[in-house]
Amino acid sequence: MAEIFNGIPKIKYEGAKSKNPLAFKYYDANKVVAGKKMKDHLRFAMAWWHNLSATGADMFGPGTACKAFGAEPGTMEHAMAKVDAGFEFMDKLGIEFFCFHDVDLVPESEDINETNERIDQVVDYIAKKKKGSGKKLLWGTANMFSNPRYISGAGSSGSPDVYCFAAAQIKKALDATIKLGGAGYTFWGGREGYETLINTDVKFELDNIARLMRAAVDYARGKGWKGTFYIEPKPKEPMKHQYDFDAATAIGFLRQYGLDKDFKMNIEANHATLAGHTFRHDLRISAINGMLGSVDANQGDLLLGWDTDEFPYDVYETTWAMYEILKAGGFTTGGLNFDAKNRRPSYTYEDMFLGFILGMDAFALGLIKANALIKDGRIDKFVEEKYAGYKKGIGKKIVSGKATLEELSDHALKLGKPDMPPSGKQEYLESIVNQVFFG
Ligand code: XUL
Ligand code: CO
């Protein structure tokens, strides 16, 4: 097999003092941190769409990066070349997982039957390459937002025919996921939402989306698949309002429709910030509901109001993310999928590697610092002490769930005036974070 990324060596860990751009400074795959190898905590994945398909085109100009990989884009030869490129890329970075949409794998035909035949060919080829390679499928998904038939959604479409096309794509993408031993399957409802309520029956659309998800679960479970379904919340873009607004909304939806046993959240950093939350907030909401499944690792730009999908470099953010993930017990079927792309001016093959090195090092450093914060213990101790009053007396009774409103009222009336609660000490706690980071 001819080398595609000529001149790019296997990326090795060289340590924080290294000035070699093509080396990891913090990601040391087999180093044990908090009882597990770094690679097993982080479970990095490559996204087929950004890494092997997207060229940097935006609404003002064409792509700048060449992702031809020696073949003519739009052909099956190119689809196969992308598989070779993807496996070489993962090998060189030591990445074990990948994720894809159905139509990232193949050029989409006008006729879905032909698209499906193409998917079969590429999936067979991926299955062959995967054997003995140590590479695994983190999750698969169906792109139900790009094709013009999805103008008004897939499961939320006003057309039952379009609804069936969505089902056909999900079925095929699930077949591919199952065949490749995938650990997960993601629903990101890009166009499941509305532009205006003037032409939308929200209740009908939500019911229909839930029916489609139920059909998908029944199909996959019927095939014996034990993997995790994920919802990837996002508040807007492309739609003005998307139904899976954030983790809290998506979890409520899953519970309402009885889908919560089969689904977890796939939290994307840039989606959380678009929803007006921190990345950490959506991870916490997922975790406390037993719904923290997987992560789309990227970061946004707070000065821009859209999904920029940048490679994560903000170590405060990656640290808080890893703090939440460690506290939740780590990933099981999920991992850190780089749903991230190079900036348009970073158009070379080398830039593709530099983006991943940046993101992998940022999360490795985040893991190290999150572990240090947990070991330091002062933050956890503070939070525990904040609620210590609930371990005795009336506090204990409240937590037992047995206190009546009269009892609670009597307690207050007896006191006449409570003591001020202790200081929140936010600034002190923030200074601990800086001390652990830089001390
Ligand atoms: C879009 C997005 C998607 C999903 C998969 O914002 O994040 O790429 O991750 O459909
Ligand atoms: Co994503």
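The values are calculated or read from the model by the stated rules, or taken from the named source; none is laboratory data. Computed from a predicted model, the values in this text were never measured in an experiment. Counting neighbours? That spans all protein chains shown, and the Cβs are built from the backbone with ideal geometry, glycine included. Calculation scope for accessible area: heavy atoms of the full protein, side chains included, ligands and nucleic acids excluded. Shrake-Rupley method; radii C 1.70, N 1.55, O 1.52, S 1.80 Å.
Under a Cβ-Cβ cut-off of 13 Å, what is the net charge of the residues other than GLU77 that fall near it, where Lys and Arg count +1 and Asp and Glu count -1?
Counting the neighbours of GLU77, the net charge comes to 0.
Divide by every residue of the chain the summed helix terms, -39500 (n - 2.57) for each DSSP H run of at least 4, and state the resulting mean residue ellipticity at 222 nm, rounded to the nearest 500 deg cm²/dmol.
-14000 deg cm²/dmol
Can you tell me how much longer the chain between GLN426 and ALA168 gets when fully stretched, taken as 0.36 nm per residue apart minus their C-alpha distance, in nm with one decimal? Numbers along the way, then the final one.
Numbers: separation 258, 0.36 × 258 = 92.88 nm, distance 5.15 nm.
Extra length from GLN426 to ALA168 when fully extended: 87.7 nm.
Run the accessible area of the range 329-435 with a 1.4 Å probe and give the carbon-and-sulfur part as a rounded percent.
59
Specify the angular offset, from 0 to 90 degrees and rounded to the nearest 10, of the alpha carbon long axis of helix 76-93 from the longest principal axis of the alpha carbons in the chain.
50
Please compute the modelled spin-label separation between MET76 and GLU350, points set 7 Å along Cα→Cβ, answer in nm with one decimal.
Spacing of the two 7 Å Cα→Cβ label points: 3.8 nm.
DSSP beta bridges in the chain, what fraction antiparallel, as a percent rounded to 5?
20
What is the gain in length, in nm to one decimal, between PHE438 and GLU195 on full extension, counting 0.36 nm per residue of separation less the C-alpha to C-alpha distance?
82.8 nm
Using θ = phi - 60° and the Karplus relation 6.51 cos²θ - 1.76 cosθ + 1.60, list the HN-Hα couplings for the range 8-20 in order, rounded to whole Hz, with x at every Gly or Pro.
9, x, 5, 7, 10, 7, 10, x, 4, 8, 5, 10, 6
Pairs of Cα atoms under 8 Å, at least six residues apart: use those to get the relative contact order of the chain, whole percent.
15
Where in the range 309-328 does the amide nitrogen come within less than 11 Å of the point 7 Å from the Cα of ILE374, taken along Cα to Cβ?
Residues 322-328 fall inside that zone.
Calculate how steeply helix 247-256 sits against the longest principal axis of the alpha-carbon atoms of the chain, using the helix alpha-carbon long axis, and give the answer as 0 to 90 degrees to the nearest 10.
That works out to roughly 90 degrees.
Computed FRET efficiency, Cβ-Cβ of ASP40 and LEU304, R0 45 Å: what is it to the nearest 0.05?
0.85
Calculate the spin-label point distance for TYR219 paired with LYS402, positioning each point 7 Å from the Cα along the beta-carbon direction, and give it in nanometres.
5.2
Under 17 Å from a point 7 Å along the Cα-to-Cβ line of SER133: which residues of the range 333-350 have their amide N that close?
Within reach of a label on SER133, which here means backbone N under 17 Å from a point 7 Å along Cα→Cβ, the range 333-350 contributes 338.
Taking K and R as +1 and D and E as -1, what net charge do the other residues with C-beta under 11 Å from the C-beta of ILE285 add up to? Walk me through the numbers before you get to the answer.
Details: positive: ARG280, ARG284; negative: ASP246, ASP282, GLU324.
Counting the neighbours of ILE285, the net charge comes to -1.
Ignoring ligands, DNA and RNA, what accessible area per residue does the chain give at 1.4 Å, in Å²?
Working: 21190 Å² over 439 residues.
Heavy-atom accessible area per residue stands at 48 Å².
If packing is taken as the average count of other Cβ atoms within 10 Å, what order do 397-410, 19-32 fall into, highest mean first?
Numbers: 397-410: 11.0, 19-32: 16.1.
Peptide ranking by packing, descending: 19-32, 397-410.
Place the peptides 328-336, 187-195 in order of packing, highest mean first, counting for every residue the other Cβ atoms within 10 Å and averaging per peptide.
187-195, 328-336
According to a simple spin-label model (label point 7 Å from Cα along Cα-to-Cβ), what is the distance in nm between ASN20 and PHE382?
Simple spin-label model gives 4.0 nm for this pair.
Across the range 280-286, in residue order, what do the Karplus-derived ³J(HN,Hα) couplings come to in whole Hz, using 6.51 cos²θ - 1.76 cosθ + 1.60 with θ = phi - 60° and x for Gly and Pro?
Once rounded to whole Hz, the list reads 4, 4, 5, 5, 5, 4, 5.
Place the peptides 356-365, 418-427 in order of packing, highest mean first, counting for every residue the other Cβ atoms within 10 Å and averaging per peptide.
Details: 356-365: 23.6, 418-427: 8.5.
With the highest mean Cβ count within 10 Å placed first, the list reads 356-365, 418-427.
Please compute the net charge surrounding ALA216, taking Lys and Arg as +1 and Asp and Glu as -1 over other residues with Cβ under 13 Å from its Cβ. Could you put the intermediate results ahead of the total?
On the way: positive: LYS171, LYS172, ARG211, ARG214, ARG221, LYS223; negative: ASP175, ASP218, ASP262.
Result for the local shell: +3.
Could you derive backbone 3J(HN,Hα) for the range 287-304 from the dihedral phi with the Karplus parameters 6.51, -1.76 and 1.60 (θ = phi - 60°), listing whole Hz in sequence and x where the residue is Gly or Pro?
4, 5, 9, x, 10, 7, x, 8, 9, 9, 8, 6, 8, x, 10, 5, 8, 10
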